[in-house]
1. Considering the stretch 19-46 alone, what residues qualify as being surrounded by fewer than 14 Cβ atoms within 10 Å (Cβ to Cβ) and not charged (D, E, K, R)?
2. Only one of these is among the small types (Gly, Ala, Ser), at pLDDT below 95 and either more than 18 Å from Ile16 (Cβ to Cβ) or buried (at least 21 other Cβ atoms within 10 Å of the Cβ) (or both): Ala134, Ala127, Ala72, Ala156. Name it.
3. Only one of these is part of a helix (DSSP H, G or I) and among the small types (Gly, Ala, Ser): Gly71, Gly125, Gly32. Name it.
4. Could you please tell me which pairs satisfy a Cβ distance under 6 Å, a separation of 6+ or placement on different chains, a first residue in the stretch 103-121 that is closer than 12 Å to Leu14 by Cα, and a second residue that is in a helix (DSSP H, G or I)?
5. Quick test of your reading of the structure: Ile120 fulfils all but one of (1) surrounded by 15 or more Cβ atoms within 10 Å (Cβ to Cβ); (2) β-branched (Val, Ile, Thr); (3) in a strand (DSSP E or B). Name the failing condition by number.
6. Among the residues of the stretch 135-143, is there at least one that is touching a strand residue (DSSP E or B) at 6+ places or on another chain (Cβ under 8 Å), in contact (Cβ under 8 Å) with a residue 12 or more places away in the chain and over 16 Å from Glu171 (Cα atoms)?
7. Out of Ser113, Ser101, report the one residue that is part of a strand (DSSP E or B) and at pLDDT 95 or above.
8. Tell me, which residue of the stretch 75-94 that is crowded, with 16+ Cβ neighbours inside 10 Å and among the hydrophobic types (A, V, I, L, M, F, W, C) is farthest from Leu14 (Cα to Cα)?
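The values are calculated or read from the model by the stated rules, or taken from the named source; none is laboratory data. Note that the coordinates shown come from a computational prediction; the quantities given were computed from them, not determined experimentally. Neighbour counts run over all protein chains shown; Cβ positions are idealised from the backbone, glycine included.
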Amino acid sequence: MKMKINGPTSISDLSIRPLVASDARDVLDLLGEVFSRCRTTLTSAEEFAFSEEQERDYLLKFSKAPNLALGAFRASSLLGTIFLEQLPHLRTRHRGSIGLSVHPDCWSQGIGSRLLQALISQAQGSAELRSIEASVLANNPYSERLFRSAGFRLDAVHREAAFIDGVYLDEKFFVLRLRK
């Protein structure tokens, strides 16, 4: 299903707010659009099969700190999302992993940067988290540049981690230290 984006986006008309269960349909539509049009994600459109009910349940998980889900909206249109999920094991709970998606028609308009800055600002207030992690495929220099500009540092590279369209791609892991 193709989402309708109404005209060019200005950063000044964006609102960033927590995603709630009632946003499930909009999140599914946005991610479906991203996964079907991008070759820079580990998730493919074919394997993205959440129902609206499953997405509502998933979003509820992010209502409890330090987990966080934010959406970038213009009027009622969801243009981007960012999720921060605390790692589940006792020995890794000081780490959070993020996922960022922006509608392809809205790339290079600062939406990802605004979402990332809002998330970092909120994560810095977490008593539990010490670092935030993000992974980027080697064919996505824009996301790599976004994370680097926000202070993330390259931590590791998993060689040939993905195989897309007959090509092996490395996966780069970035870390932002919130505190020691």
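1. Within the stretch 19-46, Ser22, Thr43, Ser44 meet the criteria.
2. Working: Ala134 fails: at pLDDT below 95; Ala72 fails: at pLDDT below 95; Ala156 fails: at pLDDT below 95.
The match here is Ala127.
3. Going through Gly71, Gly125, Gly32 in turn, just one is part of a helix (DSSP H, G or I) and among the small types (Gly, Ala, Ser): Gly32.
4. Gly110/Ile11; Gly112/Leu146
5. (3)
6. Filtering the stretch 135-143 for residues touching a strand residue (DSSP E or B) at 6+ places or on another chain (Cβ under 8 Å) gives 135-139, 143.
Subsequent filtering for residues that are in contact (Cβ under 8 Å) with a residue 12 or more places away in the chain retains 135-139, 143.
From the residues that got through so far, the ones that are over 16 Å from Glu171 (Cα atoms) too are none.
No; the residues of the stretch 135-143 include none that is touching a strand residue (DSSP E or B) at 6+ places or on another chain (Cβ under 8 Å), in contact (Cβ under 8 Å) with a residue 12 or more places away in the chain and over 16 Å from Glu171 (Cα atoms).
7. Checking each option against the conditions leaves just Ser101.
8. Of everything passing the filter in the stretch 75-94, Leu84 is farthest from Leu14 (Cα to Cα).
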